[in-house]
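Accompanying notes for the structure given below.
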Amino acid sequence: MVTTTTGDTELIDTGEKRDCLGRRRTPVERRQELLTAFRQSGLTQKAFARREGITYTTFCCWAQAERRKGKLPVAPAGRKRRREGAPVRFVEAKLPAAVAAPLEVRLPDGTSVRGTSAAEVAALVRALR
């Protein structure tokens with residue numbers, strides 16, 4: 001670690017490698033150590049990433065790459081998965097009764113007639129003529 005002080009400004013170089021956008025680069029060996037620790041931790045990916053100070057989405061990318069290689073279980077620890085052959089459960093959802101769409105008729109003289117029943121709107125238009 002190198003510290004450089006200039007007036008009120010202090011620059012601390014921890015020796016971490018960074019890309020052109022300033023993001024930390026984690027060596028492959030360190031990633032493997034973290035993924036092994038994750039498998040043994042029993043934590044969710046989110047909790048593990050938070051504990052280790054890693055950006056959650058970055059850790060998810062590392063874990064996904066390991067899953068593709070077959071080195072990491074598909075289901076995160078602590079999550080229940082549906083057993084193969086287990087029945088699927090459905091819940092009936094009731095929707096509110098549909099409200100009739102309002103109808104509007106504009107007559108040539110600028111009069112507007114509105115209603116929800118086509119028969120009633122038509123009768124009113126005939127009566128106005």
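Quick notes
- Each of ARG18 and LEU103 was given a label point 7 Å from its Cα along the Cα-to-Cβ line. The distance between the two points is 6.9 nm.
- Highest mean packing comes first when the peptides 17-28, 34-45 are listed by Cβ atoms within 10 Å, giving 34-45, 17-28.
- Note on THR58 and LEU128: the extension gain reaches 18.3 nm, defined as 0.36 nm multiplied by sequence separation minus the Cα-Cα distance.
- Between ALA47 and ALA86, the contour length at 0.36 nm per residue exceeds the Cα-Cα span by 11.1 nm.
The numbers here are math on the coordinates, done by the rules we state, and not lab data. None of these values were measured; they are calculated from a predicted model. As a convention, Cβ positions derive from the backbone with ideal geometry for all residues, glycine included, and neighbour counts pool all protein chains shown.
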